[in-house]
1. When the range 119-148 is examined, which residues are found to be surrounded by fewer than 16 Cβ atoms within 10 Å (Cβ to Cβ) and assigned to a strand (DSSP E or B)?
2. For residues that are of a type in the set (A, V, I, L, M) and surrounded by fewer than 18 Cβ atoms within 10 Å (Cβ to Cβ), scanning just the range 75-105, find the one that is nearest to P31 (Cα to Cα).
3. Name the residues in the range 277-312 that are in contact (Cβ under 8 Å) with a residue 24 or more places away in the chain, out of contact with any strand residue (DSSP E or B) (no Cβ under 6 Å at 6 or more places or on another chain) and of a type in the set (S, T, N, Q), would you?
4. Residues in the range 401-411: is at least one under 21 Å from G109 (Cα atoms) and in a helix (DSSP H, G or I)?
5. Looking only at the range 162-193, how many residues end up being part of a loop (DSSP other than H, G, I, E, B) and within 21 Å of the chain's Cα centre (by Cα)?
6. Which residues, counting only those in the range 198-221, are under 16 Å from F262 (Cβ atoms) and not β-branched (V, I, T)?
7. Just need a number here: residues in the range 384-430 that are free of Cβ contacts under 8 Å to residues at least 12 places away in the same chain and closer than 29 Å to F73 by Cβ.
8. Looking at H5 and the list (1) under 19 Å from E99 (Cβ atoms); (2) surrounded by 12 or more Cβ atoms within 10 Å (Cβ to Cβ), which single condition is not satisfied?
Amino acid sequence: MQTEHTLEIKKIIAGGQGLGHLDDGLVVMAPFVLAGELVRVTEIRRHSGYIKARLLDVLQPSPHRRQPRCSYFGRCGGCDLQHIAFAEQADIKGEIVGEMVNRAGLSPGAGVGATLPSPQAEGYRHRVRFHLSPSGEIGFHRFGTNDLVRVNHCLLAVPAINLTLEELIASGLAAKIGLFCRQIEFVCSPDDQSVSATLILTGSRKMPDTLLAAISDLRSLSGLVVRRRKKIVFAGGNTGACQTFPNGPLSYTLHWDNQCFFQVNPMQNRQLVQIVLECADDVTGQRVLDLFCGMGNFSIPLALAGAEVTGVEWNRRAIGAARANAASVGMDTITFLAADVTEFLQECLGAGNQYDILLLDPPRQGIGRAARLLPALAAGTIIYISCDPATLVRDLRVLVRAGYCLTSLTPVDMFPQTHHIECVAVLEKN
């Protein structure tokens, strides 16, 4: 059986793979290609209806192809679009989102908007999680495997994180850390560029105090947290982060720590917040329910714009940060609750609570079955921020069937050089 094929790539699909067809119509998917390219590939695995392939050679390259700047590209599983010119990446992401919503019969009234490009194409990640081997090698997993690709620099990470990574490697401490944990996460504070770390322990062995002290003493590290499962077993130094949002006379600063979620691309997050405020329009006196509110990323600016906001988030540390952020800007029109979102929605329905605007920014798995609870809150507008178009489309279908109209959908390039796509969807009650 022939295992090498020459074919034309027709398009890039969700997940960043290129799609083409053999002469008999069988679908072939391969990474690191571009639409319109003639490529030679070799089969990795045959499935029912399609072939997964590996790129061997680009016979006729696209004019949008560029030379990747990272020496780990193609091995490290972090980036998969680095071979594509930056502007073209945004266009491709818009096309992927458009095809997904059209296939689901969800075409928004205004069409899919142009993808909002990131202010930075590289050096934008303020949170990076590295894997460790038992011998202390640090890196990322190879595409589709758990094999470690050792790195000493990440093109997407901010310089301060790369500096900390380089110091950790040079210190020789990584070999000792690898005996106790398999992951280390660095968080860089957007405003002051301080870097804190979280070690995620495996097993029940206690990390020696001398090792904790040596790690904490790294010059480029401001603070350290050690976590076993969800429990923090050590915390020292400054693990806080902050970002200032220049919003004219309503300029404000948000604070949180490295155990709270925040967008890994803070400069793009500023633009994301502006999109949400524009979608919400005049919120003066409006009752807004912010689900998965985190440390107040959207709640605070909405309250500053005049809304009465209720924020709900399961992470108690994030809720603590959100309350402190509200107090720091003198807002008493915000209520933050530490609760499971689904359980909170069920309680709302029982109490007959209603809101004017629903805002939700769930994790990658979306809101799922809880989407069917949202229409009963009778909000005129729902703003749904998503980092996974597939789960977004699934949840939007539930809301549209319940009587909402998808009026706009804007892709946001929150993760340049990768296939991941952020979206902002706006639904209005019919």
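Nothing in this text is a laboratory measurement; each read-out follows from the coordinates by a stated rule. Bear in mind the structure is a predicted one, so any value in this text is a computation, not a measurement. So basically every Cβ, Gly included, is an ideal-geometry build from the backbone, and we count neighbours across all protein chains shown.
1. R129, H141, R142
2. First, pick out the residues of the range 75-105 that are of a type in the set (A, V, I, L, M): 81, 84-85, 87, 90, 92, 96-97, 100-101, 104.
When the remaining residues are screened for being surrounded by fewer than 18 Cβ atoms within 10 Å (Cβ to Cβ), the result is 85, 87, 104.
Working: A85: 16, A87: 19, A104: 25 Å.
Once the filter is applied, the top-ranked residue is A85.
3. N297
4. If we filter the range 401-411 for residues that are under 21 Å from G109 (Cα atoms), which is where we start, we get 401-411.
The next check asks that each one be in a helix (DSSP H, G or I); those that pass are 401.
Yes - at least one qualifying residue is present in the range 401-411.
5. Applying the first criterion (part of a loop (DSSP other than H, G, I, E, B)) to the range 162-193 yields 172, 178-180, 189-193.
Narrowing the set further to residues that are within 21 Å of the chain's Cα centre (by Cα) leaves 189-191, 193.
So the answer is 4.
6. Start the filter on the range 198-221 by keeping residues that are under 16 Å from F262 (Cβ atoms), which leaves 198.
Correct list: empty.
7. Residues of the range 384-430 free of Cβ contacts under 8 Å to residues at least 12 places away in the same chain: 401.
The next check asks that each one be closer than 29 Å to F73 by Cβ; those that pass are none.
The qualifying residues number 0.
8. All conditions are met except number (1).
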